[in-house]
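Here it is, the structure, as structure tokens.
The values are calculated or read from the model by the stated rules, or taken from the named source; none is laboratory data. These numbers were taken from a predicted model, which means no experiment stands behind them. As a convention, Cβ positions derive from the backbone with ideal geometry for all residues, glycine included, and neighbour counts pool all protein chains shown.
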Amino acid sequence: NAGVTQTPKFQVLKTGQSMTLQCAQDMNHNSMYWYRQDPGMGLRLIYYSASEGTTDKGEVPNGYNVSRLNKREFSLRLESAAPSQTSVYFCASSEYSRGNSPLHFGNGTRLTVT
Amino acid sequence: AQRVTQPEKLLSVFKGAPVELKCNYSYSGSPELFWYVQYSRQRLQLLLRHISRESIKGFTADLNKGETSFHLKKPFAQEEDSAMYYCALIVRTGNQFYFGTGTSLTVIP
């Protein structure tokens, strides 16, 4: 049982390049999330998908797009990377239909934009 | 508006000393609160949830609605407790989780 799997683990991009971060969960969770983690800022929600077929903006959506491909997979795309997007990105999932259900996190993707 | 506040970015305590990591929240509904822990270069893991009223790794946290707080406590800190700790609040509309900025705990041998 892998839980939440993110790829890649590390990535270096040049300004203006694009890339897609992949995330998959095998826990049959309804909700999936993308966070970024920055020193002194904690975790900030970029986008989330409360259930398959829906996506919504979080606190810091600018410069990102997402796709909920199916119930298992939720990808994050940077169309034109900027140095301000240098961060550690975490994907997470939770069971929306159950009260007080916690988030389960992936191992993170460390992205550097030069 | 900041929904979760962790006032201490850094906290150092000696091994065996009590530790308290502060968390205050702002939410008009009935809060659902969690503590997550992140050990060095690992994924975030759930430590506690308020509704369970459990003790994990010697840590406890009590929800105080009057003070809107959910402080994390441990009577005797261990070196392996050194980590980053995040307090989180669920907003049930859309099942959004809001995190505080985190407290980095260092336990000094």
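Checking A:Met27 against (1) at pLDDT below 95; (2) within 12 Å of another protein chain (Cβ to nearest Cβ); (3) in contact with a Ser or Thr (Cβ under 9 Å, 6 or more places away or on another chain): exactly one of these is not met. Which one?
Condition not satisfied by A:Met27: (2).
May I pose another question? With the requirement that a residue be in contact with a Phe, Trp or Tyr (Cβ under 7 Å, 6 or more places away or on another chain) and hydroxyl-bearing (Ser, Thr, Tyr), what does the range A:47-78 give you?
Within the range A:47-78, A:Tyr47, A:Tyr48, A:Ser49, A:Ser51, A:Thr55, A:Tyr64 meet the criteria.
Something else: Which ones in the range A:82-104 are surrounded by 22 or more Cβ atoms within 10 Å (Cβ to Cβ) and under 28 Å from A:Gly16 (Cα atoms)?
Of everything in the range A:82-104, those that are surrounded by 22 or more Cβ atoms within 10 Å (Cβ to Cβ) and under 28 Å from A:Gly16 (Cα atoms) turn out to be A:Tyr89, A:Phe90, A:Cys91, A:Ala92.
Further question: Inspect all residues belonging to the range A:33-51 and state whether any of them is β-branched (Val, Ile, Thr) and either in contact (Cβ under 8 Å) with a residue 60 or more places away in the chain or not in a strand (DSSP E or B) (or both). Lay out the reasoning, then the answer.
Filtering the range A:33-51 for residues β-branched (Val, Ile, Thr) gives A:46.
Filter once more, keeping what is either in contact (Cβ under 8 Å) with a residue 60 or more places away in the chain or not in a strand (DSSP E or B) (or both): none.
No, because not a single residue in the range A:33-51 is β-branched (Val, Ile, Thr) and either in contact (Cβ under 8 Å) with a residue 60 or more places away in the chain or not in a strand (DSSP E or B) (or both).
Scan the range A:2-12 for residues that are facing chain B (nearest Cβ under 10 Å) and surrounded by fewer than 19 Cβ atoms within 10 Å (Cβ to Cβ) and report the count. Explain how you work it out, then say what you get.
Let us first name the residues in the range A:2-12 that are facing chain B (nearest Cβ under 10 Å), namely A:3-4, A:6.
Narrowing the set further to residues that are surrounded by fewer than 19 Cβ atoms within 10 Å (Cβ to Cβ) leaves A:3.
The qualifying residues number 1.
When the residues of the range B:71-109 are narrowed to those that are under 16 Å from B:Ser28 (Cβ atoms) and within 14 Å of the chain's Cα centre (by Cα), which ends up farthest from the other protein chains (Cβ to nearest Cβ)? First the steps, then the outcome.
As a first pass, look at the range B:71-109 and keep what is under 16 Å from B:Ser28 (Cβ atoms): B:89-94, B:96, B:98.
The next check asks that each one be within 14 Å of the chain's Cα centre (by Cα); those that pass are B:89-90, B:98.
Working: B:Leu89: 12, B:Ile90: 7, B:Tyr98: 7 Å.
Out of the qualifying residues, it is B:Leu89.
Mind checking which residues of the range A:55-67 are modelled with pLDDT under 95 and either closer than 20 Å to A:Lys9 by Cα or at the interface with another protein chain (Cβ under 9 Å from one of its Cβ atoms) (or both)?
Those that are modelled with pLDDT under 95 and either closer than 20 Å to A:Lys9 by Cα or at the interface with another protein chain (Cβ under 9 Å from one of its Cβ atoms) (or both): A:Asp56, A:Gly58, A:Glu59.
Could I ask something else about it? Does the range B:25-61 hold any residues that are of a type in the set (S, T, N, Q) and within 22 Å of B:Pro75 (Cβ to Cβ), and which are they?
Step one: filter the range B:25-61 for residues of a type in the set (S, T, N, Q), giving B:26, B:28, B:30, B:38, B:40, B:42, B:45, B:52, B:55, B:60.
If the condition is that a residue be of a type in the set (S, T, N, Q) and within 22 Å of B:Pro75 (Cβ to Cβ), then B:Gln45, B:Ser52, B:Ser55, B:Thr60 are the ones that fit.
Please list, ordered by first then second residue, the pairs with beta carbon atoms under 6 Å, 6 or more apart or interchain, first in the range A:5-26 and closer than 17 Å to A:Val113 by Cα, second aromatic (Phe, Trp, Tyr).
Pairs found: A:Leu21/A:Tyr89.
When the residues of the range A:68-81 are filtered to those that are of a type in the set (A, V, I, L, M) and touching a strand residue (DSSP E or B) at 6+ places or on another chain (Cβ under 6 Å), which remaining residue is nearest to the other protein chains (Cβ to nearest Cβ)? Working first, answer last.
Within the range A:68-81, the subset of a type in the set (A, V, I, L, M) is A:69, A:76, A:78, A:81.
Filter again for touching a strand residue (DSSP E or B) at 6+ places or on another chain (Cβ under 6 Å), leaving A:76, A:78, A:81.
Values: A:Leu76: 16, A:Leu78: 21, A:Ala81: 23 Å.
Selected residue: A:Leu76.
Also, I was wondering about something else. Could you please find all residues in the range A:30-54 being of a type in the set (Val, Ile, Thr) and either within 11 Å of chain B (Cβ to nearest Cβ) or in contact with a Ser or Thr (Cβ under 9 Å, 6 or more places away or on another chain) (or both)?
First, the residues of the range A:30-54 that are of a type in the set (Val, Ile, Thr): A:46, A:54.
A:Thr54 - this is the single residue of the range A:30-54 that is of a type in the set (Val, Ile, Thr) and either within 11 Å of chain B (Cβ to nearest Cβ) or in contact with a Ser or Thr (Cβ under 9 Å, 6 or more places away or on another chain) (or both).
Scan the range A:13-21 and tell me whether some residue there is surrounded by 17 or more Cβ atoms within 10 Å (Cβ to Cβ) and more than 18 Å from A:Leu78 (Cβ to Cβ).
Scanning the range A:13-21, I find no residue that is surrounded by 17 or more Cβ atoms within 10 Å (Cβ to Cβ) and more than 18 Å from A:Leu78 (Cβ to Cβ), so the answer is no.
Check off (1) within 15 Å of A:Leu43 (Cα to Cα); (2) assigned to a helix (DSSP H, G or I) for B:Tyr98 and give me the number that stays unchecked.
(2)
One residue is enough: does the range B:72-92 have a residue meeting the conditions among the basic types (Lys, Arg), in a loop (DSSP other than H, G, I, E, B), more than 29 Å from A:Gly3 (Cα to Cα) and in contact (Cβ under 8 Å) with a residue 40 or more places away in the chain? Give the steps one after another, and end with the answer.
As a first pass, look at the range B:72-92 and keep what is among the basic types (Lys, Arg): B:73-74, B:92.
Checking the rest, the ones that are also in a loop (DSSP other than H, G, I, E, B) come to B:92.
From what is left, the residues that are more than 29 Å from A:Gly3 (Cα to Cα) are none.
No, the range B:72-92 has no match at all.
Sticking with this one: Can you pull out the strands (runs of 3 or more DSSP E) entirely within the range B:1-60 that have at least 2 residues that are within 14 Å of chain A (Cβ to nearest Cβ)? So that I can check it myself, show each step before the final result.
Working: elements: B:10-14, B:19-21, B:32-38, B:45-49.
Once the strands (runs of 3 or more DSSP E) in the range B:1-60 are filtered for at least 2 residues that are within 14 Å of chain A (Cβ to nearest Cβ), what remains is B:32-38, B:45-49.
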